[in-house]
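One structure is given here, and the rest of the page talks about it.
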């Protein structure tokens, strides 16, 4: 890697370097927005196996990773993806068939767990989920936890407030930090060293990145550092956290990238038809992922006409009037 | 004027929202109800989403809480931490009303949106909590949308995803939860509330064309029907708002 090039890499090289069989991973975005889909498809294409994945509501991307056979353990708050898949279909199928180990949390808990990881504290507290099965039912047994140094020995712990009734709380729930081996996010703009500018909602991307040992950033546009540094208050992630930068236009497709393009309702509803049938889903993976060289290959199959339809309106940041039925 | 059951449900929920409420919304019918309330009962209510968008200007109906449509012209676009802190924080949290849905509900308003059957090898797996358990834990008032079917109103939920009144009076507080809990359950047949003393669900209103008896036939547990009255159907004006302003593309209704 030369100084000139900064951390810019080809996607296949970045995935090969940082996403290994069995590693602990998280991806950015939320349901059908700003998922790092190009990277997800490359992980599937490279047939990486045994991933331990951490997700709040990382709908489209996590469902494809499950369907692609890449994930064996999943800690998750929400496996749903809007109208086309109220419950993500490959996620649902994998759980009902006992194909993956899984454990349920809440969205706030997962966001806080990444935050604790980014802060470097072992756990953080919340007042969510007392008296529920989220506390009572563990997806990973005590025995399994104790054997695996990369998983904490407890799921969630209820503790009497050590500060008495301070904060009007008699008890708190302790939730363990997450520090993934790698986090992959897709952003609107980045420079070659990895400083990121996201537009619209950031979800939990910043903490997911800061908690991770390595971070792969894919971006719509690779821009000069001067452009980002002219308004540093609009940058969320400084380059020190980032290992690799990969410019990929439409890198979140078929999910949305605010101010660039909308989600593709046609692709997502077609996808849910394929996902409901093992044979059709295998054919889908073959056609859209394994038979093409890279993300551009998938975009070529979708075609320019469709991509033009989802282009964002500069006023609203989405494709105004898009047919979403 | 003719109306559909979904329109009836939407209006029943919209009428529960007060002016000045901060409304935690999912998508689908819960969002349509919150949008309708802004035109009917609560022009100064504020819609916000767990993804971090606050007071979004919803020119089009978002299909997900992460839809770029929630980002347009919001007061601020934050992230998950900010959104949930808005509810856990008592200063703003006490103004929040949540709208949730579930696969199962019991007589104390405890919800299951995770799995039917055994958790580890479920007959049917659902999406899981998402932010639902957080909302149900934090906010003083919640509306819950349900379909009235026996299997969806069981004596005991298969998995307790989001807390209602747990095992009855005082048990929320004993477990460590903030006070609060569900205020109304809105179904395709009627509206249920929770008794102030016993915290048990009772039938408050049944829709025109149905009877309290028919509602009981669609539940595994019994509820008190002695307080039930017939619900007022949507007015012409309410229907006009739904059809012309809230969901003209007919994406939800």
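Assorted remarks:
- Per the listing B:28, B:52, B:78, the residue uniquely within 14 Å of the chain's Cα centre (by Cα) and either at the interface with chain A (Cβ under 10 Å from one of its Cβ atoms) or touching a residue at least 24 places away in the same chain (Cβ under 8 Å) (or both) is B:28.
- Top-ranked residue of region A:253-283 - restricted to ones that are over 25 Å from residue A:321 (Cβ atoms) and crowded, with 18+ Cβ neighbours inside 10 Å, ranked as nearest to the chain's Cα centre (by Cα): A:275
- Residue A:54 being closer than 24 Å to residue B:115 by Cβ, in contact (Cβ under 8 Å) with a residue 12 or more places away in the chain and within 13 Å of chain B (Cβ to nearest Cβ): no
- Exclusive hit being in a strand (DSSP E or B) and either more than 13 Å from chain A (Cβ to nearest Cβ) or closer than 28 Å to residue B:253 by Cβ (or both), set B:216, B:203: B:203
- Scanning region B:119-140 for residues that are touching a residue at least 12 places away in the same chain (Cβ under 8 Å) and either out of contact with any strand residue (DSSP E or B) (no Cβ under 9 Å at 6 or more places or on another chain) or buried (at least 21 other Cβ atoms within 10 Å of the Cβ) (or both) yields a count of 14.
- Test: residue in region A:5-25 that is within 13 Å of chain B (Cβ to nearest Cβ), in contact (Cβ under 8 Å) with a residue 24 or more places away in the chain and under 9 Å from the mean Cα position of the chain (by Cα): no
- Flag for residue A:286 being loosely packed, with under 15 Cβ neighbours inside 10 Å, more than 23 Å from the chain's Cα centre (by Cα) and not in a loop (DSSP other than H, G, I, E, B): no
- Total residues in region A:289-311, condition within 14 Å of chain B (Cβ to nearest Cβ) and either in a helix (DSSP H, G or I) or buried (at least 19 other Cβ atoms within 10 Å of the Cβ) (or both): 1
- Some residue of region A:156-169 being in contact with a strand residue (DSSP E or B) (Cβ under 7 Å, 6 or more places away or on another chain), within 23 Å of residue A:24 (Cβ to Cβ) and within 14 Å of chain B (Cβ to nearest Cβ): yes
So that you can scan it fast, the table gives a plain yes or no per residue for (1) part of a strand (DSSP E or B); (2) without any contact (Cβ under 8 Å) to a residue 60 or more places away in the chain; (3) in contact with a strand residue (DSSP E or B) (Cβ under 7 Å, 6 or more places away or on another chain); (4) within 12 Å of another protein chain (Cβ to nearest Cβ):
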site	(1), (2), (3), (4)
B:9	no, no, yes, no
B:19	no, yes, no, no
B:33	no, no, yes, no
B:36	no, no, no, no
B:56	no, yes, yes, yes
B:69	no, yes, no, yes
B:74	no, yes, yes, yes
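Table: residues versus (1) within 7 Å of chain A (Cβ to nearest Cβ); (2) not in a loop (DSSP other than H, G, I, E, B).
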{"position": "B:130", "(1), (2)": "yes, no"}
{"position": "B:137", "(1), (2)": "yes, yes"}
{"position": "B:148", "(1), (2)": "no, no"}
{"position": "B:151", "(1), (2)": "no, yes"}
{"position": "B:154", "(1), (2)": "no, no"}
{"position": "B:165", "(1), (2)": "no, no"}
{"position": "B:169", "(1), (2)": "no, no"}
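- Of note, residue A:113 satisfies the criterion of being touching a strand residue (DSSP E or B) at 6+ places or on another chain (Cβ under 6 Å), within 12 Å of another protein chain (Cβ to nearest Cβ) and either within 22 Å of residue A:282 (Cα to Cα) or not in a loop (DSSP other than H, G, I, E, B) (or both).
No lab work stands behind these numbers, since they all come straight from the coordinates. Computed from a predicted model, the values in this text were never measured in an experiment. No Cβ is skipped: glycine too gets one built from the backbone with ideal geometry, and neighbour counts run over all protein chains shown.
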